[in-house]
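Have a look at the structure below, then the notes.
The values are calculated or read from the model by the stated rules, or taken from the named source; none is laboratory data. Note that this is a predicted model, so its numbers are computed, not measured. For neighbour counting, all protein chains shown are included, and Cβ atoms are generated from backbone atoms with ideal geometry for every residue, glycine included. Accessible surface is based on the protein model in full, side chains and every heavy atom, while ligands, DNA and RNA are left aside. Shrake-Rupley method; radii C 1.70, N 1.55, O 1.52, S 1.80 Å.
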Amino acid sequence: MAARRRPSGGGLRRAPQDGRLEEINKEFLCDPKFSDEEDLEEKLAVFKEKYMEFDLNNQGEIDLMSVKRMMEKMGAPKTHLELKKMISEVTGGVSETISYQDFVNVMLGKRSAVLKLVMMFEGKAHESNPKPSGPPPERDIASLP
């Protein structure tokens, strides 16, 4: 009997992480500190999706290289020193990686962290700049600058 092959992409490895992050989301939903937060469940779902997108090694932590990749993908590359400062700001200087709890606390918190601003900017940029579809408009020589 031939074993079924799973498509690559980390589906099997992502399942346990998805479950762990979902448990953490439930803790935030039950936390009275966040009971007045509007649309908390939807926000947590978006945060989980973003976090998993940038947790490259599926270890439940975003490391320096993952933050670097995230910033480059958003068109705002940073130096290693700037990245270390961002991570330190999120974790309070305790860790060199960003845990999901730290990530959600920053995103829901009142404090204005660089990472929070970048993530909000990324969301706004995608909303306000829909990609044009179809071929580019025809131009003649007179319309060129």
Query - Conditions (1) closer than 26 Å to residue 15 by Cβ; (2) in contact with a strand residue (DSSP E or B) (Cβ under 9 Å, 6 or more places away or on another chain); number of the one not met by residue 58 - result: (2)
Report task. May I ask you to verify whether residue 26 is open to solvent by 90 Å² or more (accessible area, probe 1.4 Å), out of contact with any His (no Cβ under 7 Å at 6 or more places or on another chain) and at pLDDT 85 or above? Result -> yes
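Return the residue satisfying two criteria in turn: it lies in segment 69-80 and is open to solvent by less than 50 Å² (accessible area, probe 1.4 Å) and under 12 Å from the mean Cα position of the chain (by Cα), and of such residues it is farthest from residue 17 (Cα to Cα). Steps first, please.
First, pick out the residues of segment 69-80 that are open to solvent by less than 50 Å² (accessible area, probe 1.4 Å): 70-71, 74, 76.
Remaining after also requiring under 12 Å from the mean Cα position of the chain (by Cα): 70-71, 74.
Details: 70: 19, 71: 23, 74: 24 Å.
Once the filter is applied, the top-ranked residue is 74.
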Query raised in the report: Restricting the search to segment 43-60, which residues are of a type outside the set (A, V, I, L, M, F, W, C), buried (at least 19 other Cβ atoms within 10 Å of the Cβ) and more than 8 Å from the chain's Cα centre (by Cα)?
Result: 55
Report summary line: The residue from 128, 133, 112, 88 that alone is modelled with pLDDT of 85 or more and either small (Gly, Ala, Ser) or under 29 Å from residue 27 (Cβ atoms) (or both) is 88
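Do you know which residues across segment 88-102 are surrounded by 15 or more Cβ atoms within 10 Å (Cβ to Cβ), part of a helix (DSSP H, G or I), without any contact (Cβ under 8 Å) to a residue 60 or more places away in the chain and hydroxyl-bearing (Ser, Thr, Tyr)?
Scanning segment 88-102 gives a single hit, 91.
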Query - Criterion (modelled with pLDDT of 85 or more, open to solvent by less than 40 Å² (accessible area, probe 1.4 Å) and farther than 19 Å from residue 109 by Cα) met by exactly one of 40, 83 - result: 83
